[in-house]
Each structure stands twice: as structure tokens, then as C-alpha cells.
1. Which residue pairs have Cβ atoms under 9 Å apart, sit 6 or more places apart or on different chains, and have a first residue in the range 276-300 that is within 18 Å of E329 (Cβ to Cβ) and a second that is of a type in the set (V, I, T) and surrounded by fewer than 12 Cβ atoms within 10 Å (Cβ to Cβ)?
2. Quick one: is F277 touching a strand residue (DSSP E or B) at 6+ places or on another chain (Cβ under 9 Å), assigned to a loop (DSSP other than H, G, I, E, B) and more than 16 Å from the ligand (Cβ to nearest atom)?
3. Is the range 157-176 home to any residue that is at positive phi and modelled with pLDDT under 95?
4. Looking at S352, S319, which one is surrounded by 14 or more Cβ atoms within 10 Å (Cβ to Cβ) and of a type in the set (S, T, Y)?
5. Does L154 satisfy the criteria of being part of a loop (DSSP other than H, G, I, E, B), of a type outside the set (D, E) and surrounded by 21 or more Cβ atoms within 10 Å (Cβ to Cβ)?
6. Report, by residue number, each residue of the range 255-269 that is surrounded by fewer than 22 Cβ atoms within 10 Å (Cβ to Cβ) and under 25 Å from I137 (Cβ atoms).
7. If you go through the range 298-316, how many residues are among the polar types (S, T, N, Q) and either within 20 Å of the chain's Cα centre (by Cα) or within 13 Å of the ligand (Cβ to nearest atom) (or both)?
8. Mind listing just one residue for me: the one in the range 362-374 that is in a loop (DSSP other than H, G, I, E, B) and touching a strand residue (DSSP E or B) at 6+ places or on another chain (Cβ under 7 Å) and, of those, surrounded by the most Cβ atoms within 10 Å (Cβ to Cβ)?
Amino acid sequence: MENLLPKAKQGNFHLLKLAKKEQLTKNTFSMEFEVPESLKNNYQFEAGQYVTLKYPSKGEIYYNDFSMTSAPFEGKIALGIKINTEESSTKDLYNDFEIGGFLEVSEPKGRFTLVSKPHEFRTIVGFAGGIGITPIISHFKNILHNEPRTRLFLFYGNKTRDGVPFNEELDELVSQHKERLDIHYFYSREKVGNAFLEGRLDEKKVVLIINQLMMIDDTDEESTLWDAVDEVLICGKGEMIKSIANACFNNGIPKKNIHFELFEEYNEDIYPQEKEFPLIEDIEVGFKLLGNEYKTTLKNNKMRILQELLVQGFPVPYSCKSGICGSCECILEEGEVELLENEYLTENEEKSGKILACMSVILSKKIKVNFDLV
Ligand code: FES
């Protein structure tokens with residue numbers, strides 16, 4: 001385990017000039033980087049992607065991922081960053097780097113992306129918690145810019161009214177696109193005189209949102225706004241994502257249309273596993289990852305491969321944890337697994353031995369997988 005390559009080292013880094021830095025709330029700030037002409041191609045990105053910043057703090061080098069808040073058409077790399085505690089490395093990032101200075105920034109990556117459909121009339125709903133708003137803003141700006149008929153709804157949870165990152169930018173977007181963008185704010189630690197807007201964004205709240213805000217569809221008397229939802233985007237902490245994704249699924253949205261980005265390490269499954277499997281214990285697992293070969297033993301097959309390896313601290317790539325994004329794609333070289341759900345691999349890829357680690361339950365005493373597909 002001591003040779004683990006940090007997840008964040010995946011990707012190419014370049015020195016970029018810090019062009020803007022701004023405090024947003026008591027514990028959040030934004031940073032904007034200038035991309036020189038010679039690196040423009042390296043920094044092309046899709047809405048919903050992120051970069052890794054490499055920076056020193058208290059004698060150590062940190063690699064942390066931050067989602068872009070800018071949309072691709074804006075031609076800049078803008079990020080939203082939270083300082084979790086007084087000890088957070090991001091506090092030094094804020095204090096130590098001044099405008100005009102240079103920072104190591106990875107090229108964009110990530111699979112929290114959506115296919116653009118400029119000619120369609122879509123209904124897209126976003127749920128964000130705190131700084132989890134960052135990739136959602138990028139998506140919303142992108143969709144408003146590229147899809148002239150698509151309408152958007154955002155349900156945004158924060159603790160208090162004065163702790164809402166990017167509230168000015170969101171207000172600005174609403175004023176530019178009143179007829180297509182609707183934003184509702186929720187507060188978990190402040191009374192705002194409306195019980196509906198108080199409390200966390202969770203499963204119960206989603207049901208209330210569906211029943212109170214997503215009923216009347218002016219464009220179609222026969223169905224509700226919720227019936228018209230094409231895609232759901234969720235970003236925030238693991239528990240929030242799990243709760244909202246399940247609420248959306250239980251209320252009729254197919255899993256393949258529920259997209260999410262986890263903003264913390266989260267080793268639990270997002271959706272409950274419905275099928276039971278025979279218990280297998282002491283499983284030998286060998287795997288290739290980023291050019292290294294690892295061996296480990298799993299206590300049993302109660303969790304899926306990805307979750308088992310994450311619990312043991314291996315930097316296995318993932319994003320959706322529900323068989324949709326393909327981040328955890330690998331080849332099964334030995335042993336047997338059952339792939340519970342798959343919205344990503346083609347039939348031929350499955351036949352050729354590819355599996356998704358987040359959705360694979362181990363069914364043999366020994367398995368070997370390879371995450372280095374290229
Ligand atoms: S993490 Fe998205 S398919 Fe496995």
C-alpha cells in the first residue's frame with residue numbers, strides 16, 4: 001500500500017497565472033486562471049469537469065480537485081473553493097497565492113458531463129449543496145448558452161443566507177434568463193419564515209419539491225413539470241447525493257438520467273443492491289492501476305469491487321458509482337463477477353471482458369482486473 005500513487009497525480013500539470021481571486025462567503029473563494037495561447041488546446045473542457053491544483057501547505061504538497069465554474073464558451077478556467085476548517089490546506093492556497101503568481105494546474109478531466117442537444121426542448125433539474133454548486137453553474141451557463149429552448153430548475157441548499165457561494169452570479173443568470181431558469185434556495189440552519197425552504201435537501205424535501213413546485217407545466221396541460229424532466233444533475237456530499245438520487249429514481253427518473261459528482265470521499269453504494277449473492281470470503285484480488293500492480297485480500301464480497309478497494313485506500317478512479325459514467329471501467333482478466341447495472345459499456349465491450357468496478361459483485365475466490373485500459 002505504501003507505493004500508492006495519489007489519484008490526483010493522474011493528468012498533466014502546467015503552470016498557470018492566477019488572474020483573479022475573490023472571497024465569496026466567509027469560507028469560500030474563487031480563483032481564475034489565465035491560459036496562454038500555447039496551452040489553449042490542453043485546457044479545452046466540457047461543462048462539469050474539474051482540474052487538480054498542486055500546491056504547498058504547511059510543508060507538504062497537496063493535490064486537490066476543484067470543479068470549473070466557468071462554461072467552455074467563456075474561455076477561462078474559473079474555480080470555486082471551500083476552506084473547510086482553519087487547518088485546511090485551501091486556507092493557505094487562498095492566503096499564499098496572489099494575483100499574477102503561478103500555480104500548477106492539471107489539464108481538465110472528469111465525467112460529470114452531459115451531451116449538448118441544441119435543437120431540443122429539454123427540462124433539466126439541478127440539486128446542489130454548498131460548494132457543490134460549482135460544476136452545476138458550469139452546466140447551467142453552458143446549457144443556457146447552447147440550448148435556446150431548454151428550461152432549468154435549480155434547488156440549492158446552504159446553511160444560512162449569508163453563506164451562499166456564487167449567489168450574485170446566480171442572480172445575474174436568473175435576470176438574464178428569467179423565462180428559462182428558476183432557482184429555489186433552502187437553508188438548513190436559518191429560519192426564513194417558510195418551512196418549505198428550511199431544512200436539508202433530502203429525500204423528503206425532493207418529494208415536497210415535486211408536489212409543490214414541479215406540478216404545473218405551462219407547455220403541456222396533460223403532464224406535470226416533473227414528468228417532463230429529462231436529466232437531473234446533483235452535486236454535494238455523499239449522503240445528500242444518495243438521498244436525492246434515490247428520491248429521483250423512486251419518483252420515476254431512470255438512473256441513466258441522474259448524474260452526480262461526489263464532493264468528498266464516499267465509500268457507500270448510492271443505490272441499494274436488490275439482488276442477494278452467495279457469500280464468498282477471503283478473496284484474493286490482483287489489479288493493475290496507473291502502471292503499478294497491487295495485490296490485496298478482501299474479507300468478503302458484500303460490497304462491490306470499487307467500494308472494497310476504496311475502503312482499503314486504493315486510488316481507484318470513480319465518479320458516479322452507479323454504472324453510468326465509465327470512470328471505473330476495467331478488464332476482468334481472471335475470475336468471475338456479476339455486473340449489476342451498466343449504462344456505459346456496449347455489448348461488445350462486455351463480451352470482450354470489460355466491467356465496471358462500481359457495479360461488479362465478486363463471485364470467485366480470486367480475481368484479477370486491469371484499470372490501465374490504454
Ligand atoms: S464510477 Fe461511474 S461507472 Fe463506475
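1. Short answer, once both residue conditions are applied: V285/T297.
2. yes
3. no
4. Of S352, S319, the one residue that is surrounded by 14 or more Cβ atoms within 10 Å (Cβ to Cβ) and of a type in the set (S, T, Y) is S319.
5. It is false that L154 is part of a loop (DSSP other than H, G, I, E, B), of a type outside the set (D, E) and surrounded by 21 or more Cβ atoms within 10 Å (Cβ to Cβ).
6. K255, K256, N257, L262, E264, E265, Y266
7. 1
8. If we take residues in the range 362-374 being in a loop (DSSP other than H, G, I, E, B) and touching a strand residue (DSSP E or B) at 6+ places or on another chain (Cβ under 7 Å), then F371 is surrounded by the most Cβ atoms within 10 Å (Cβ to Cβ).
The values are calculated or read from the model by the stated rules, or taken from the named source; none is laboratory data. The model shown is predicted, which means the values in this text are computed figures rather than measured ones. Note that each Cβ is placed from the backbone with ideal geometry, even for glycine, and that neighbours are counted across all protein chains shown.
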